[in-house]
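Asks: So that we are looking at the same thing, I have put the structure below in structure tokens.
The values are calculated or read from the model by the stated rules, or taken from the named source; none is laboratory data. This structure is a prediction, so every number in the text was calculated from the model and none was measured. Here the Cβ positions follow ideal geometry from the backbone for every residue, glycine too, while neighbour counts run over all protein chains shown.
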Amino acid sequence: MAQRRIRKSSTALIGKDKYDVTTLAASLGFLTRIVNLQIRELIRSSRPLLTSPTVYSALTLIEANPGIKQVRIAILLGIQESNLATLIREMTAENLIEESAGGRSRRSVGVTLSEKGLQFLAKVKGGYTSIDSEYANTLSRTEYKQLTALLARLYETHLPSNPSGEAESGGRGGRHRPPKSRPEIY
């Protein structure tokens, strides 16, 4: 992958010391990691008012897609199926979701929010919206829309081409594989 051309250098100031971070400031991986850490810190500081980002994301996805199969939740949220199974058990034990009878395997069971789950999600949704707004305040409305549109495009292009979670031959599959080559960024 060709390295992005930087027109100006980037400097980080820690105390009175300056550090050249030009190369890091041009790295999508580094920047998304740092932003993720900063957002997680905001979430951590807001607890116990909020639940984990994974639980919030799962509940939000289930609310928007009642009856969604567990394997599809795992694919859409980028969670390993074994970790999602644990999360589903915990949310079921807390009466946040209800499972519906499905196909041959436990992973094909559909899930829906329970009344308690709907109430819980409504309670924490405002906190997540507030954190999102607080963090985004450094951007103009146009910049925020542009950033979220670009990130959504990256997310969508990296979803498996067969979102059913099943391989074309009928077996298990649907695993995401990143593209073999990446376009150059200028």
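Asks: In segment 124-153, how many residues are within 17 Å of the chain's Cα centre (by Cα) and either hydrophobic (A, V, I, L, M, F, W, C) or on the phi > 0 side of the Ramachandran plot (or both)?
Replies: Counting residues in segment 124-153 that are within 17 Å of the chain's Cα centre (by Cα) and either hydrophobic (A, V, I, L, M, F, W, C) or on the phi > 0 side of the Ramachandran plot (or both) gives 8.
Asks: Tally the residues that are modelled with pLDDT of 80 or more and of a type in the set (G, A, S), restricting the search to segment 131-167.
Replies: Within segment 131-167, residues that are modelled with pLDDT of 80 or more and of a type in the set (G, A, S) number 5.
Asks: From I39, I43, I79, I73, grab the single residue that is closer than 27 Å to S133 by Cβ and outside any helix (DSSP H, G or I).
Replies: Sole residue among the options that is closer than 27 Å to S133 by Cβ and outside any helix (DSSP H, G or I): I79.
Asks: Among the residues that make up segment 10-24, is at least one of them over 15 Å from the mean Cα position of the chain (by Cα), assigned to a strand (DSSP E or B) and aromatic (F, W, Y)?
Replies: Yes.
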